[in-house]
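The structure under discussion appears below in the form of structure tokens.
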Amino acid sequence: MKQILLMIAVVALVGCGGKEPAQPSATPSHFEKTKAEAEAGDVVAQSSLGLMYVNGQGVKQDFKEAFKWCQKAAEQGNAIAQYNLGLMYYNGHGVEQNNVIAYAWWDIAATNGNQKAPNNKSIVANEMTPAQITKAGELVKEMVEKNPKLLK
């Protein structure tokens, strides 16, 4: 089951093949526009920029930068970014692999309406001990208490 989720995650997160960064041009690229919007605080642009770094779309693939931008959007309640953080923790992309944190992010993303998160949450739960699931639930409560913006 983990292999299936891993394959789905890789296709969803990484895409179907490497892409070369766009060549510089006189007009700003889609990446440059998205980055400027993300830096200005646009939550959707932050989430999109994270995926651009994951996929190497217009920029060299960089999971650490992807994590940084997804986290910024996730902390503002963006369910797509929250889902993607779950994938990054589950697969160890840009961050140390951690099923407890992956479960927590998918729980939050599911609460915010992400349609894929409940399935991933149940898959990772099958790989966790009851104590780890309890710990993940406590982590969700702690995260939301620290930052109520996580939930929309």
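The values are calculated or read from the model by the stated rules, or taken from the named source; none is laboratory data. Quick caveat: nothing in here was measured; it's all calculated off a predicted structure. In this analysis, Cβ positions are derived from the backbone assuming ideal geometry, glycine residues included, and neighbour counts consider all displayed protein chains.
A residue that is out of contact with any helix residue (DSSP H, G or I) (no Cβ under 6 Å at 6 or more places or on another chain), buried (at least 19 other Cβ atoms within 10 Å of the Cβ) and modelled with pLDDT of 95 or more can be found somewhere in region 70-81. Applying a threshold of 8 Å to beta carbon distances and a minimum spacing of six or more residues, or different chains, the list of pairs starting in region 130-143 at a residue that is in contact (Cβ under 8 Å) with a residue 12 or more places away in the chain and ending at one that is outside any helix (DSSP H, G or I) reads ALA136/MET128. Scanning region 1-56 for residues that are at pLDDT below 50 and on the phi > 0 side of the Ramachandran plot returns GLY15, GLY17.
Scoring ALA110 on the criteria (1) loosely packed, with under 12 Cβ neighbours inside 10 Å; (2) without any contact (Cβ under 8 Å) to a residue 24 or more places away in the chain leaves a single failure, condition (1). When the residues of region 50-64 are filtered to those that are touching a helix residue (DSSP H, G or I) at 6+ places or on another chain (Cβ under 8 Å) and not in a helix (DSSP H, G or I), which remaining residue is nearest to GLY92 (Cα to Cα)? Ranking the candidates gives ASP62 first.
Scanning region 121-142 finds no residues that are under 23 Å from SER48 (Cα atoms) and surrounded by fewer than 17 Cβ atoms within 10 Å (Cβ to Cβ). Considering only region 88-96, I want to know if a residue exists there that is under 17 Å from the mean Cα position of the chain (by Cα), in a helix (DSSP H, G or I) and hydroxyl-bearing (Ser, Thr, Tyr). The answer is yes; a qualifying residue exists.
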